[in-house]
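Asker: Dropping a structure here in structure tokens format, bear with me for questions.
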Amino acid sequence: MSAIITRRMLTIVVTLFVVSIVVFLLLRLAPGDPATLILGDTGNSARIAKVRAEMGLDQPLPVQYFLWLGHVIRGDLGTSFMTGEPVAQALWRHFLVTLQLITPAFIISLLFAIPIGILAGWRQDTKLDLAIVGSASIFVSMPSFVVALLLNLVFGIALGWLPTMGFVSLGDGPLTWLQHIILPVTALLIVEAGILIRFMRTNTIEVLNQDYIAYARSKGLSDWELLRLHVFKNTLAPTLSLVGLMLSSLLSGTAVIETVYSIPGLGRFLVDAVYARDYPVIQGVLLFVVVVYAVVNLVFELIQPLLDPRVRLT
Amino acid sequence: MIALPASFRRPSRIFAIVTLALILCAAIIGAFITPYDPIALNIHTRLIAPNAAYWFGSDQFGRDLLSRMLVGAGVSIRVSLLTVCAASIAGIALGSAAGYFGGLLDRIISGFSDGLLALPSILLALSLIAVLGASETGNIAALGIAFTPYIARIVRGLVVSARARPFVEVAQNFKHPSSYIIARHIVPNIFGPIIVLASHTFALALLAESALSFLGLGVPPPYPSWGGILADGQRFMSDAPWLVLFPGAAIILTLLCINLIGDGLRDHFDPRNA
């Protein structure tokens with residue numbers, strides 16, 4: 001087991017290495033000299049030369065990369081051009097906000113999509129199945145920001161039930177938090193639910209066509225027991241392999257959704273940094289997202305064999 | 001009458017083909033058939049609700065929404081199609097080189113594409129736009145780079161399995177150059193899955209493009225794409241909901257058609273799913 005974890009960690013290190021090169025080059029490919037970018041219009045040539053020397057910009061590119069990497073590994077992601085705040089600190093603060101959005105979106109889409117997907121597969125080719133598959137196909141074609149605007153139009157403007165912008169942290173008042181996250185979370189989870197429903201349906205149909213299901217039926221198992229004992233268990237493990245993909249798409253969604261709802265999360269942080277060409281922040285967000293993605297994938301990969309003995313870690 | 005392949009003989013997929021064809025027509029000739037000037041400002045026609053003269057209503061600057069959406073269709077579809085072309089060319093080249101030659105080249109290409117796949121493509125594209133600039137070329141380049149690893153990885157897998165087939169061995173024994181074998185023997189044999197992949201990437205690219213222009217990082221005004229029109233309309237949504245409803249519906253409808261056709265293509269090339 002520990003050998004497996006070590007090997008996975010190595011893969012993560014390689015991934016991070018690749019991303020770090022790309023992220024490093026991002027700043028170097030940017031038009032303009034980084035020192036000039038940092039100082040803005042205020043810098044004279046002497047100050048620029050000083051900053052260049054401090055940042056190691058007078059060194060060859062590979063040396064610069066390893067200097068930068070050394071800082072990153074020690075957790076020093078630089079300071080934001082916009083606010084002067086250390087990037088690592090700001091990242092964490094914004095991530096805690098995003099976490100309060102994507103966790104409920106993730107859990108609700110699982111709770112909602114798994115039973116519906118199984119139901120559609122179980123009732124394959126009936127009117128119910130067609131209706132579910134049809135709505136799922138529409139769901140996956142709905143960009144989160146279009147859903148967000150439609151929800152705002154109905155529940156925010158027409159009915160006036162829920163706020164259409166702003167954010168209150170869970171710790172500052174669970175009820176206000178709930179009011180503020182209902183619309184963004186719904187907008188985020190629609191696409192995820194669509195993907196999951198289709199996936200669960202396909203898997204359910206596959207499981208129901210297996211020989212052991214025919215055997216279990218002939219033993220006299222009721223449909224309910226069949227679904228609970230065989231279908232649910234056997235579709236759960238493959239679903240976990242989708243977790244990385246879902247996380248990735250939820251994080252993509254936050255860039256737009258947090259902008260629509262003015263939520264100070266990671267996505268909004270990145271978008272603002274792109275507007276301001278705040279490269280240390282852009283680099284920090286990308287590296288951070290990759291670490292989160294890699295860790296979550298690792299955890300779920302290790303859980304998988306516990307749920308499905310057929311999956312062996314190699 | 002052209003006979004439709006079995007995988008497309010479903011009402012939903014026929015609907016998708018017809019609708020997408022109409023949308024593509026609008027994208028190509030839309031800019032020439034606009035009923036009104038899509039850019040000129042007119043204070044007298046501000047925020048008119050949809051009626052017989054202004055089918056989709058007008059925006060806060062008095063511009064006809066239908067005219068703007070016709071122009072916008074051209075921008076959105078062009079950017080996403082060129083993105084798919086760029087990403088497919090780069091992805092097929094890199095993926096087939098990695099899959100065919102293997103070894104160190106494969107490790108480098110696969111290492112890079114797997115690494116980049118850990119980044120959500122929209123976030124990567126956003127960051128690249130900071131470098132490349134919020135322009136049409138910048139968008140195509142950023143999105144193209146963001147989707148290349150995805151295509152490269154899948155093509156690599158397809159090439160690895162195609163390479164093991166006898167006709168490739170025969171071609172190798174004839175001492176054909178590798179580039180010839182890849183282009184003439186391998187790529188045509190994995191054409192089906194590549195088409196399915198391209199249709200899927202088209203949907204992803206359109207989604208990403210509208211998200212970027214919604215964030216104001218797409219093709220700059222006054223020429224709008226659908227995402228940009230939506231972002232403009234957002235501020236006047238409570239007085240003029242049509243500014244959000246029509247462009248929103250256009251994006252959803254187009255994505256739905258591409259996805260339905262993609263499902264059809266998948267069933268067509270993979271009989272197990274039919």
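Asker: Name the residues in region A:1-27 that are more than 22 Å from the chain's Cα centre (by Cα) and basic (K, R), would you?
Answerer: A:R7
For every residue, the table says whether it meets (1) at pLDDT 85 or above; (2) aromatic (F, W, Y); (3) not in a helix (DSSP H, G or I).
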| residue | (1), (2), (3) |
| --- | --- |
| A:Y215 | yes, yes, no |
| A:L221 | no, no, yes |
| A:R228 | no, no, no |
| A:G267 | yes, no, no |
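Asker: Also, quick follow-up: Only residues in region B:119-131 that are at the interface with another protein chain (Cβ under 7 Å from one of its Cβ atoms) count as the first member; pair them with residues that are among the basic types (K, R), Cβ under 7 angstrom, at least 6 apart or cross-chain, and list the lot.
Answerer: Final answer for the pair search is B:A130/A:R277.
Asker: Further question on the same structure: How many residues does region A:12-32 hold that are assigned to a helix (DSSP H, G or I), within 8 Å of another protein chain (Cβ to nearest Cβ) and over 19 Å from A:H71 (Cβ atoms)?
Answerer: 3
Asker: Scan region B:135-167 for residues that are closer than 19 Å to B:D106 by Cα and in a helix (DSSP H, G or I) and report the count.
Answerer: So the count comes out to 18.
Asker: Taking the condition at pLDDT 80 or above and either part of a helix (DSSP H, G or I) or in contact with a strand residue (DSSP E or B) (Cβ under 6 Å, 6 or more places away or on another chain) (or both), does A:R52 pass? Break it down stepwise before answering.
Answerer: Values: at pLDDT 80 or above: no; either part of a helix (DSSP H, G or I) or in contact with a strand residue (DSSP E or B) (Cβ under 6 Å, 6 or more places away or on another chain) (or both): yes.
No: the conditions fail for A:R52.
Yes or no, residue by residue, for (1) buried (at least 19 other Cβ atoms within 10 Å of the Cβ); (2) at the interface with chain A (Cβ under 9 Å from one of its Cβ atoms):
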site: B:A164; (1), (2): no, no
site: B:P222; (1), (2): no, no
site: B:L243; (1), (2): yes, no
site: B:L253; (1), (2): no, yes
site: B:L260; (1), (2): yes, yes
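Asker: May I pose another question? What number of residues in region A:104-136 are of a type in the set (S, T, Y), assigned to a helix (DSSP H, G or I) and surrounded by fewer than 20 Cβ atoms within 10 Å (Cβ to Cβ)?
Answerer: Going through region A:104-136 one residue at a time, the tally reaches 1.
Asker: Please go through region A:129-159 and give me each residue that is in contact with a Lys or Arg (Cβ under 6 Å, 6 or more places away or on another chain) and either at the interface with chain B (Cβ under 9 Å from one of its Cβ atoms) or aliphatic (A, V, I, L, M) (or both), ordered by number. Outline the logic, then answer.
Answerer: Taking region A:129-159 and keeping what is in contact with a Lys or Arg (Cβ under 6 Å, 6 or more places away or on another chain), we get A:129, A:136.
Listed by number, the list holds a single entry, A:A136.
Asker: OK, next. Kindly provide the set of residues from region A:148-179 that are without any contact (Cβ under 8 Å) to a residue 60 or more places away in the chain, under 22 Å from A:S249 (Cα atoms) and out of contact with any Ser or Thr (no Cβ under 7 Å at 6 or more places or on another chain), ordered by number. Even if it seems obvious, please write down each step before you answer.
Answerer: Step one: list which residues in region A:148-179 are without any contact (Cβ under 8 Å) to a residue 60 or more places away in the chain, which gives A:150-151, A:153-163, A:168, A:171-176, A:178-179.
Applying the additional criterion that residues be under 22 Å from A:S249 (Cα atoms) yields A:150-151.
If the condition is that a residue be without any contact (Cβ under 8 Å) to a residue 60 or more places away in the chain, under 22 Å from A:S249 (Cα atoms) and out of contact with any Ser or Thr (no Cβ under 7 Å at 6 or more places or on another chain), then A:L150 is the only one that fits.
The values are calculated or read from the model by the stated rules, or taken from the named source; none is laboratory data. Since we're looking at a predicted model, the values are computed, not measured. Please note: Cβ atoms are built from the backbone with ideal geometry, for glycine as well, and neighbour counts cover all protein chains shown.
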